[in-house]
Amino acid sequence: MMRLAALALFVALYSAGCGFGAGDEQKGGAQLRVTKDFGHEELSADNVATIHEDETIMRLLQSRHDVDTRFGGNFVEAIDGVEGSGGGGTRDWFYFVNGIWADRGAADWEVHGGDVIQWDNRDWSAKEHIPAIVGAWPEPFRSGFEGRRLPVRLECADEDAEACSDVKDALTRTGGQVSSAQLAASGGKEIVRVLVGTWDQLRDVRTPALLGEGPDVSGVFAEFADDPERLELLDENGDVARTADAGTGLVAATALEDQAVVWMVTGLDDVGVQAAAATLDARSLRNAFAVAATPDGPLKLPVIEGGGG
């Protein structure tokens, strides 16, 4: 009977994500953020000083929040009472690690030192799979992904432009391994690319071209209109909420299936690109899926009226 009781206790603890013992401590700690509506509202933020080698994202979340799960504990239904819409709706919890879409359950993902983990409760009717967001800056440039630092390659349409220099300085300050290459150089899964230039200069490059196909393809809630002097800022349904004119920039990230993440620092004109480069800091980008650099300041995308900047 005692052995059966001990076994039952073990199963209960394992199912709850508790685990036994602790692996070696990792350097760098981690950040755990809980947000709503594409990062517009931050519900909580925890700086976790100590991370052990056997820590999973699910256990970390459960250790600091009241979590309801479904599907055998592999799917988060609610965090601190904030729920998804269940099997018949289009609102659920999604998480990103260092700004990159997580492609498996949180119980199967190990936390690494330096990770920025963001859980976001959002409507996914316009796009369920969003490959990457910019809101974990300075990640993934500082710590990389899954415990591996990734090389960073800067590709500028004009290497002599002030925006190119500013982006290079910002990337260098993250501590990333930054190299330079010609625009539209071949990519790969083991490198993070950062492209800098006006939309007219980037629009024919393979990955940025996804922005011309809408958020259901790119995961970015902004579209450069056929008119090269207009940037359409979209709402969470993928509809045009605002139209931006000259002097507006965009900081966004996306990825092709066979490639690593590509960040784009772009705009309608050189002034817009410069404005976008100026937003590469933790305050302007925090929790954002993408950011429009408008003459009035940074605006998180998608546009959610009344949802803040």
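The values are calculated or read from the model by the stated rules, or taken from the named source; none is laboratory data. No experiment lies behind these values; they were computed from the predicted model shown. Note that we place each Cβ from the backbone using ideal geometry, even for glycine, and neighbour counts take in every protein chain shown. In case anyone asks, the SASA skips ligands and DNA or RNA and just uses the protein heavy atoms, side chains included. Shrake-Rupley method; radii C 1.70, N 1.55, O 1.52, S 1.80 Å.
For this structure, a couple of remarks:
- With every protein chain in place and a 1.4 angstrom probe, the accessible-area ranking of V111, V178, largest first, reads V178, V111.
- DSSP assigns beta bridges within the chain; of those with both partners inside it, close to 70 percent run antiparallel.
- Applying a threshold of 24 Å to the alpha-carbon distances of K168/K189; K27/K127; K36/K168 flags K27/K127; K36/K168 as lying beyond it.
- The residues D66, D158, D296, sorted by heavy-atom accessible surface at 1.4 Å with ligands and nucleic acids left out, run D296, D66, D158 from largest to smallest.
- Applying the Karplus relation 6.51 cos²θ - 1.76 cosθ + 1.60 with θ = phi - 60° to the stretch 208-214 yields 3J(HN,Hα) values of x, 4, 4, 5, x, 10, x Hz, where x marks Gly and Pro.
- Excluding exposed DSSP-loop trypsin sites (Lys or Arg not before Pro) (at most 13 other C-beta within 10 Å), longest clean stretch of the chain: 207-309
- Mean residue ellipticity, 222 nm, helices only, the chain: the sum of -39500 (n - 2.57) across DSSP H runs of n ≥ 4, divided by residue count and rounded to 500, is -4500 deg cm²/dmol.
- For the stretch 84-233, share of DSSP beta bridges that run antiparallel, in % to the nearest 5: 60
- The stretch 247-309 and the stretch 183-243 have Cα centres separated by 11 Å.
- Whole-Hz couplings from phi, Karplus 6.51/-1.76/1.60, listed for the stretch 286-303; x for Gly and Pro: 3, 6, 6, 7, 7, 9, 8, 8, 9, x, 8, x, x, 10, 5, 10, x, 6
- Calculated FRET efficiency for the pair A45/R91, C-beta based, R₀ 22 Å, to 0.05: 0.55
- For the stretch 35-163, alpha-carbon Rg and Dmax in angstrom: 16.2, 55
- Net charge of Cβ neighbours under 14 Å - reference P140; Lys, Arg +1; Asp, Glu -1: +2
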